[in-house]
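Below you'll find the structure, written out as structure tokens, and then a few comments.
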Amino acid sequence: MNSELEQSFVQQIEENQNLIHKICRLYTNSEDAHKDLFQEITIQLWKAYPKFRGDSKFTTWAYRVGLNTAITLYRKKSRTVKTTEFDNQLHKINQEEYNYEEEEHIKLLYQAVHQLNDIDKALVFMYLEDKDYGEIAETLGITEVNARVKMNRIKGKLKKILNP
Amino acid sequence: MDDLDKLKNSWKKSTDNYPKFSAKEIYAMLHKRSSSIVKWILVISITEFTLWLVISFLLSDSSQMKRINSLHLNYITTPLEIINYLIILYFMFIFYTNYRRIKVTDNAKRLMQSILKTRKAVTTYIITVIVYNFISMMLLFVLFFMYDPNIIGAEQKFEANGNLGWFYVLYILLALLATGVILLLFWLFYKLIYGLLLKRLNRNYNELKKLDF
């Protein structure tokens with residue numbers, strides 16, 4: 001194993017780890033599962049790393065591998081206990097702008113997103129990350145028009161979950 | 001502002017709340033074993049190829065085979081054996097080239113397609129093997145009927161008792177029963193292993209396909 005390559009990879013992951021955490025946040029709901037998916041994404045990134053030539057940004061490349069791992073490659077652990085404590089810790093709002101009502105609403109929103117299917121979650125994730133529809137479509141392998149249509153449907157779905 | 005935009009605001013603010021893994025922890029992760037579905041497909045597929053190779057080796061040494069050899073039917077059994085190995089080699093090649101095409105950096109749809117295609121090669125292989133074995137078994141049954149002295153003897157006994165019809169029924173029933181049991185076992189194997197393994201992948205792939213109306 002090339003240790004120099006390994007070092008540069010570990011450094012890239014350490015610097016950009018929030019990106020992976022964000023994917024794990026949408027696709028898992030316990031601390032254990034979060035770590036497990038994080039590890040699998042890291043392994044997949046490492047396997048693909050020798051072919052990463054730097055013609056795209058590390059983050060753009062990592063988004064794709066990360067999402068592919070979450071949607072396609074990853075096999076969920078059969079027993080995952082949901083811990084709301086972990087969830088709550090993730091969507092805490094900073095103290096100075098604390099607003100109970102807003103925090104409750106955001107919590108419900110996250111719960112609603114968790115109920116979506118894997119593909120819908122991927123679209124929501126890229127939307128939250130400010131990706132344009134061109135990139136969303138390219139990452140999933142669908143057309144841009146269909147990505148837009150789907151996003152509008154997801155908004156409708158979320159509304160339905162929140163106001164049954 | 002719609003709900004998703006509210007979520008986006010909070011999403012951007014919450015970046016400090018994530019756990020932080022140290023370089024040491026990340027380094028340790030690289031050396032952990034992957035539990036990816038592709039790895040499982042590879043392991044299971046290689047097991048299947050090996051299993052069939054072992055089975056065909058064992059069969060060629062079985063008493064049944066010795067009985068066939070004693071009938072001097074090499075002009076039929078040798079080509080059958082060659083076809084068997086050609087089938088294995090051909091599908092191994094197809095499987096390998098498909099496997100090499102699986103790239104985690106492809107778009108999601110293409111990645112799913114290439115995984116399903118790789119898996120399909122092995123399924124086609126198994127179906128081919130079953131069909132091949134079914135045909136060669138039937139062929140051997142017919143040859144036994146024509147040449148095997150034991151069967152001809154048994155046939156004559158049944159005939160003398162006026163039960164020749166029963167003999168045929170019994171023979172065919174036994175052959176069908178044996179084939180049925182083998183097929184059932186295969187079906188269970190596939191439903192269980194691949195049903196579980198590919199359930200989520202198939203679901204997500206169908207979801208993506210639905211998007212491209």
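Give, as residue ranges, the helices (runs of 4 or more DSSP H) completely inside segment B:1-77 that count at least 3 residues that are without any contact (Cβ under 8 Å) to a residue 24 or more places away in the chain and of a type in the set (Lys, Arg).
Passing ranges, in order: B:3-13.
Go through segment A:41-61 and give me each residue that's more than 10 Å from chain B (Cβ to nearest Cβ) and outside any loop (DSSP other than H, G, I, E, B).
Result: A:Pro50, A:Phe58, A:Thr59, A:Thr60.
One line per residue, one yes/no per condition, for (1) modelled with pLDDT of 80 or more; (2) among the basic types (Lys, Arg):
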residue	(1), (2)
B:Ala108	yes, no
B:Ile126	no, no
B:Val131	yes, no
B:Val142	no, no
B:Asn150	no, no
B:Asn163	no, no
B:Lys191	no, yes
B:Gly195	no, no
B:Lys210	yes, yes
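Regarding A:Asn117, is this residue buried (at least 18 other Cβ atoms within 10 Å of the Cβ), at pLDDT 80 or above and at the interface with chain B (Cβ under 8 Å from one of its Cβ atoms)? Even if it seems obvious, please write down each step before you answer.
Values: buried (at least 18 other Cβ atoms within 10 Å of the Cβ): no; at pLDDT 80 or above: yes; at the interface with chain B (Cβ under 8 Å from one of its Cβ atoms): yes.
Criteria not met by A:Asn117.
Of (1) within 15 Å of B:Leu4 (Cβ to Cβ); (2) at the interface with another protein chain (Cβ under 8 Å from one of its Cβ atoms); (3) touching a residue at least 24 places away in the same chain (Cβ under 8 Å); (4) touching an Asp or Glu at 6+ places or on another chain (Cβ under 8 Å), A:Ala122 satisfies all except one. Which?
Failed condition: (4).
Of these, B:Ile68, B:Ile26, B:Ile37, B:Ile44, which one is over 30 Å from A:Glu4 (Cα atoms), modelled with pLDDT of 80 or more and aliphatic (A, V, I, L, M)?
Only one candidate passes the filter, namely B:Ile44.
On the basis of being surrounded by 10 or more Cβ atoms within 10 Å (Cβ to Cβ), away from every other protein chain (no Cβ under 14 Å) and polar (S, T, N, Q), does B:Ser10 make the cut? Break it down into steps so the answer makes sense when it comes.
On the way: surrounded by 10 or more Cβ atoms within 10 Å (Cβ to Cβ): yes; away from every other protein chain (no Cβ under 14 Å): no; polar (S, T, N, Q): yes.
No: the conditions fail for B:Ser10.
Looking for whichever is within 14 Å of another protein chain (Cβ to nearest Cβ) and crowded, with 16+ Cβ neighbours inside 10 Å here; the options are B:Ser22, B:Ser45, B:Ser36. Which one fits?
Exactly one of B:Ser22, B:Ser45, B:Ser36 is within 14 Å of another protein chain (Cβ to nearest Cβ) and crowded, with 16+ Cβ neighbours inside 10 Å, namely B:Ser36.
Restricting the search to segment B:98-113, which residues are surrounded by fewer than 18 Cβ atoms within 10 Å (Cβ to Cβ) and either touching an Asp or Glu at 6+ places or on another chain (Cβ under 8 Å) or in a helix (DSSP H, G or I) (or both)?
Passing the criteria: B:Arg100, B:Arg110.
Looking for whichever is within 23 Å of B:Ser63 (Cβ to Cβ), hydrophobic (A, V, I, L, M, F, W, C), surrounded by 11 or more Cβ atoms within 10 Å (Cβ to Cβ) and out of contact with any Ser or Thr (no Cβ under 6 Å at 6 or more places or on another chain) here; the options are B:Leu174, B:Leu211, B:Leu185, B:Leu164. Which one fits?
Of the residues listed, the single one that is within 23 Å of B:Ser63 (Cβ to Cβ), hydrophobic (A, V, I, L, M, F, W, C), surrounded by 11 or more Cβ atoms within 10 Å (Cβ to Cβ) and out of contact with any Ser or Thr (no Cβ under 6 Å at 6 or more places or on another chain) is B:Leu174.
Among (1) under 30 Å from B:Leu111 (Cα atoms); (2) more than 14 Å from chain A (Cβ to nearest Cβ), where does B:Leu208 come up short?
That leaves (2) as the condition not met.
Would you check if there is a residue in segment B:182-197 being more than 9 Å from chain A (Cβ to nearest Cβ), under 29 Å from A:Ala147 (Cα atoms) and charged (D, E, K, R)?
Checked segment B:182-197: no residue is more than 9 Å from chain A (Cβ to nearest Cβ), under 29 Å from A:Ala147 (Cα atoms) and charged (D, E, K, R).
Restricting attention to segment A:139-157, and to residues there that are surrounded by fewer than 16 Cβ atoms within 10 Å (Cβ to Cβ) and under 25 Å from A:Trp61 (Cβ atoms), which single residue is nearest to the other protein chains (Cβ to nearest Cβ)?
The extreme case among them is A:Thr143.
Looking at (1) under 13 Å from B:Trp52 (Cβ atoms); (2) not in a helix (DSSP H, G or I), which is the only condition B:Phe95 fails?
If we test B:Phe95 against (1) under 13 Å from B:Trp52 (Cβ atoms); (2) not in a helix (DSSP H, G or I), just (2) comes out false.
Could you tell me whether B:Leu173 is under 23 Å from A:Arg75 (Cα atoms) and either away from chain A (no Cβ under 14 Å) or in a helix (DSSP H, G or I) (or both)?
no
The values are calculated or read from the model by the stated rules, or taken from the named source; none is laboratory data. Owing to the predicted nature of the structure, the values given are computational and were not obtained by experimental measurement. When we count neighbours, we look across all protein chains shown, and the Cβ atoms used for this are built from the backbone with ideal geometry, even at glycine.
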